[in-house]
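The values are calculated or read from the model by the stated rules, or taken from the named source; none is laboratory data. Computed from a prediction, not measured in an experiment: that's the story for all the values here. FYI the Cβ positions are ideal-geometry reconstructions off the backbone, even for glycines, and counts take in every protein chain you see.
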């Protein structure tokens with residue numbers, strides 16, 4: 001359960017049916033949604049963003065393709 005100081009991330013099922021991402025719908029691009037999930041690089045998302053950015057461009061593209069298949 002998320003408190004009023006937190007956001008609950010929606011499940012990834014049906015992700016391919018969405019056209020806008022992030023809690024406020026400010027991007028239509030999954031790469032941007034991942035990188036901008038924590039603009040200051042802190043919090044729980046910061047670790048995941050760092051790992052994503054450490055992937056090779058091919059692995060990033062493969063991950064985005066997988067997310068687009070959900």
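The conditions are (1) part of a helix (DSSP H, G or I); (2) surrounded by 14 or more Cβ atoms within 10 Å (Cβ to Cβ); (3) modelled with pLDDT under 85, and residue 38 fails exactly one of them. Which is it?
(1)
Please specify each residue of the stretch 5-35 satisfying the condition of being in a helix (DSSP H, G or I) and either free of Cβ contacts under 8 Å to residues at least 24 places away in the same chain or in contact with a strand residue (DSSP E or B) (Cβ under 7 Å, 6 or more places away or on another chain) (or both). Step through it out loud before you land on a result.
In the first step, residues of the stretch 5-35 are kept if they are in a helix (DSSP H, G or I); the result is 15-17, 30-35.
Across the stretch 5-35, the qualifying residues are 17, 30, 32, 33, 34, 35.
Please count how many residues of the stretch 41-61 are part of a helix (DSSP H, G or I), surrounded by 12 or more Cβ atoms within 10 Å (Cβ to Cβ) and on the phi < 0 side of the Ramachandran plot. Break it down into steps so the answer makes sense when it comes.
Taking the stretch 41-61 first, the residues part of a helix (DSSP H, G or I) are 43-54, 57-61.
From what's left, surrounded by 12 or more Cβ atoms within 10 Å (Cβ to Cβ): 43, 45-49, 52, 60-61.
Right, trim to on the phi < 0 side of the Ramachandran plot and you get 45-49, 52, 60-61.
Residues meeting the conditions: 8.
Name, by its number, the condition in (1) in contact with a helix residue (DSSP H, G or I) (Cβ under 8 Å, 6 or more places away or on another chain); (2) in a helix (DSSP H, G or I) that does not hold for residue 66.
The single condition residue 66 does not satisfy is (1).
Can you report the number of residues in the stretch 17-36 which are touching a helix residue (DSSP H, G or I) at 6+ places or on another chain (Cβ under 6 Å) and farther than 14 Å from residue 63 by Cβ?
Looking only at that region, the number is 3.
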